[in-house]
Amino acid sequence: MAQLPIRSLTLYKQGIGYFERRGTIDAAEISLVVPRESTNDVLKSLNVIVHQGGQVLSVDYETPEDKAQILSSLPVKLADRSSLVDLLVSLRGSTVTLHLDGDATAQGRLIGVEASLDPATHPPAVLLQQDANLQVVPLVQVRGLMLHDERAATDIGFFLDVSRTEQTRTTLTVRLSDGPHDLGIAYTASSPTWRVSYRLVGDGQNRAHLVGWGLFDNCLDEDLDNVALTLMSGRPVSFEYDLSQARVPPRPHVSDDPTALENMSGNPLMAESLSAISHELRTPLTSIRGYANLLERDVAGALSEQQREMVGMMRQNADRMNALLNDLLDMMRLKDRGFELAPFLYRTGPLGDLKVSGSYFLPILMGNAEPEFLIYEVAAPVSVRRGQSAMVPIINATLEYQQLCVYNGAKMPNHPLLVWHLQNTIGVALEQGPVTVADSARYLGEGIVRFTGVGDDIDIPYALEFAILVSQDTQYQPRQLWQVVFDSTTHQAQVRWSHVTEHRYRLKSRVNRPIDVLIEHRDPSRGEYEGMPAPTLQASVHTRWSVAVPANGEATFTVREREIHTSGEDIRSWNIDYITGLQSAGVISEPVATLLQRLASETQRISTAQQQIAALQEEYRQLLALQEQLRKNLSALGGSEREVVIRDRVLDDLETSENRRRTIESTLIDLDRQIKQGQADQHQLVDEIFRQTS
């Protein structure tokens, strides 16, 4: 059966093609031969249109199973070098008639082929059964074979058909009603991505002729003859979906025992162990969940917000573990080994099962790239023989350009690049591809055309300007106080420091004429430019400044970047020197500085008092220990004259320590009163500072 010819072909960048066939036939069926790897795409997208004639009845197709797998599943198995023996072995149990030497025959049910380890003394023989008789026929005498089993003959025929099948292609048969038909067939199939190549030729008057060629490959098993070709820069969603392979969904096995734990892996010990583990885990989980619920209901007292959040997290994780145990038991009930994951474990998102890799859609941001701007229709039909490739013109336009000299040290150190600056005014988006740049007299260089929407600008660097040498160094300036912001909501000061980085460029020219060089600098990600002149061009991530370089002379240029680092600070921790530094930097006013100095003094007094309290408390502790020891000494003294003298001394020491203890207690009370008063004054000063700075 012949195929309908391809009349139209649309190729997309991500490796798919949309094929349209059309023709008139006077037959009840027509074939469509496609590569085997495209079978699923064709079955997914096939559209049969009857423009005139009867209706479509069905579409038959070969199930593209693996040939080796099909042959291995058949009862007949024939090797290349021992086909007769393999055939006789496969026909075991079938009734056959063997044609032997001298027109003799032997008939019976085939038992098998007897083969000895020593063929020289015991050659192979065929064993047949005829009623109660067994007959041994030397294999070398067998000249032919007649099958009496129709099923065996059918199996051999199917084996030979499969062996002959070409596994690289799939044939689909479209069955139609009788009569003539004007038929169209359309489908998608994988196809090598098309490419693009540009030529850009200037005329010396800031006008250039742009020619774009689309390159594609004919990987079909047929020639393309007068086919309408369209190249698409758009990227529709396309995915693979297995429709061609037959599949029997697995079903769970249900036994008399509703738990069926002993069926898991055929190992009852494993099932018993898992059941015991599940029970042991559920027991403490029940207690954890119960107590968590009681705590959440404030049975043991009111909880703080942080405690309530912690208890809630504990209960949620206990519920999660309980659900995992249920899933484990459910999986144990599924005897079917076909499940890689139980169905209840699947979680689908907004896109369902469709998961598209990040590399499928390249991160391209194209301005003015509406769908109508992404179509390249080839003007004339194309003809390409099978296995060949072709270039077809897709763009032919004239553009205005401006020649620039641009230096970007990150892209090309030491020398600036010669760049043609253009605007896409041709009415279609430009697909990415290489471009060869020339003028009317000579080849200039090569560059890359990036994805460019209609009306967008594009720069094409094509050569180095060796006559200009650029050196670059970077210097980091000491950080400087830039700003202090008092946040009344947090009672903190946001102290901001300015970090300035200077990128210094030195340009040395050997050109015999003045030339403007554009310094292209990548915009800082966390800062801004400081003290810079107005830029010549400001794009999304780069800024350019024009630097006039004299003939055979030098020029310098500095790009200053300022980055602000912020730290939140407690103003009560500032000392006098720090406050003086803030005032000297001009980031706080004199009245605020006065209040801050008073606050620092008050903070220092509080700190001194706290240190005194700590020292007195330590002395007080030692005094108590001393008094305890003195009392023990008194109790150990007797009534002798010498002991009476010692008792008096001990009593004097005890009295002295007691007086000191009372003095410390009084001093501690005074210091505590001073601290509380100081803290109150400190609080008032803080409120006043934030009131004045709000």
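The values are calculated or read from the model by the stated rules, or taken from the named source; none is laboratory data. What you are looking at is a predicted structure, and each value in this text was computed from that prediction instead of being measured. Ideal geometry is used to build each Cβ from the backbone, glycine not excepted, and the neighbour counts take in all protein chains shown. Surface areas here come from the heavy atoms of the whole protein model, side chains and all, with no ligands, DNA or RNA. Shrake-Rupley method; radii C 1.70, N 1.55, O 1.52, S 1.80 Å.
Entry note, the chain: the mean residue ellipticity at 222 nm calculated from DSSP H runs of n ≥ 4, each adding -39500 (n - 2.57), is -10500 deg cm²/dmol after division by the residues and rounding to the nearest 500. If you wrap the tightest convex hull around every Cα atom of segment 428-503 and split its volume per residue, you get 213 Å³. When the solvent-accessible area of the chain is split by element, carbon and sulfur atoms take up 51 percent of it, the probe being 1.4 Å. Computing FRET efficiency as 1/(1 + (r/R0)^6) for Tyr291 and Gln472, where r is the C-beta to C-beta distance and R0 is 51 Å, gives about 0.15.
A Förster radius of 60 Å, combined with the Cβ-Cβ distance separating Ala186 from Gln692, puts the computed FRET efficiency at roughly 0.15. Extending 7 Å from the Cα toward the beta-carbon at both Met391 and Ala228 defines two label points whose distance is 2.7 nm.
Summary of the geometry: segment 640-673 and segment 374-391, compared by the centres of their Cα atoms, lie 112 Å apart. Taking one quarter of the surface of the C-alpha convex hull of segment 464-554 gives a mean projected area of 8.2 nm². Projecting label points 7 angstrom from Cα along Cα→Cβ for Val33 and Thr663 puts them 11.8 nm apart. At an R0 of 25 angstrom, the distance between the Cβ atoms of Gln135 and Asp86 translates into a FRET efficiency of 0.75. The loop-placed GluC sites (Glu not before Pro) in segment 474-537, going by DSSP, that have at most 16 neighbouring Cβ atoms within 10 Å of their Cβ come out as Glu530. Within the set [x] -0.85, -1.09; [y] -0.63, -0.89; [z] -0.36, -0.66, the number that log10 I(q)/I(0) by the Debye sum over Cα atoms at q = 0.06, 0.08 Å⁻¹ takes when calculated for this structure is listed as [x].
If eta is 1.567 mPa s and T is 4 °C, what Stokes-Einstein diffusion coefficient results for segment 164-211, Kirkwood Rh from Cα pairs, in µm²/s? Translational diffusion coefficient: 75 µm²/s. A convex hull fitted to the Cα coordinates of segment 578-682 yields 93 cubic angstrom per residue. The simple spin-label model puts a point 7 Å past each Cα toward its Cβ; for Ala410 and Asp670 those points are separated by 6.8 nm.
Sorting the segments 32-38, 379-385 by their residues' average number of neighbouring beta-carbon atoms within 10 angstrom, most packed first, yields 32-38, 379-385. For the chain, the tally of Lys pairs with Cα-Cα distances below 22 Å comes to 5, considering only residues 8 or more apart or on different chains.
Rolling a 1.4 Å probe over the protein heavy atoms gives the chain an accessible area of 60 Å² per residue. If the chain linking Thr656 and Gln679 were pulled fully straight, counting 0.36 nm for each residue of separation and taking away their Cα-Cα distance, it would gain 4.8 nm.
The slack between Lys508 and Met313, meaning 0.36 nm per residue of separation minus the straight C-alpha distance, is 63.5 nm. Counting only Cα atoms, segment 129-250 measures 106, 42, 42 Å along its principal axes, largest extent leading.
Can you order the peptides 311-322, 425-436 by their average number of other Cβ atoms within 10 Å per residue, highest first?
Ranking the peptides 311-322, 425-436 by packing returns 425-436, 311-322.
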